[in-house]
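What follows is a single structure, written as structure tokens, with notes after it.
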């Protein structure tokens, strides 16, 4: 199971790129994989092939009308069941004894 964090940005579309990010998030949301949107990227949880397929679909959608795309990907693989998208945060909150802003 992987946690895959990625950000994908067109470099030739001006200062505001939220319309392009929204298209990618539609793909992520419709994938059915657990995910978390952050101000700087998106974290997806799933099997390697499934997570990479989502990123590939986002890239294909973006490159359709963007001449240059910057992509950053960070992956944490761990054998075993899923649920780490939430459990990793919960483990830190438990040690602190309080909820954090996530």
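Since every read-out is calculated from the coordinates, none of them should be taken as a lab result. Since this is a predicted model, take the numbers as computed values, not measurements. All Cβ positions, even for glycine, are placed from backbone atoms using ideal geometry, and neighbour counts span all protein chains on display.
Considering region 18-48 alone, what residues qualify as being touching a helix residue (DSSP H, G or I) at 6+ places or on another chain (Cβ under 7 Å) and over 18 Å from residue 63 (Cα atoms)?
Matches in region 18-48: 31, 33, 34, 35, 36, 37, 42, 43, 44, 45.
Could you check region 49-70 and list, in sequence order, the residues that are under 13 Å from the mean Cα position of the chain (by Cα) and over 19 Å from residue 12 (Cα atoms)?
50, 51, 52, 53, 54, 55, 56, 57
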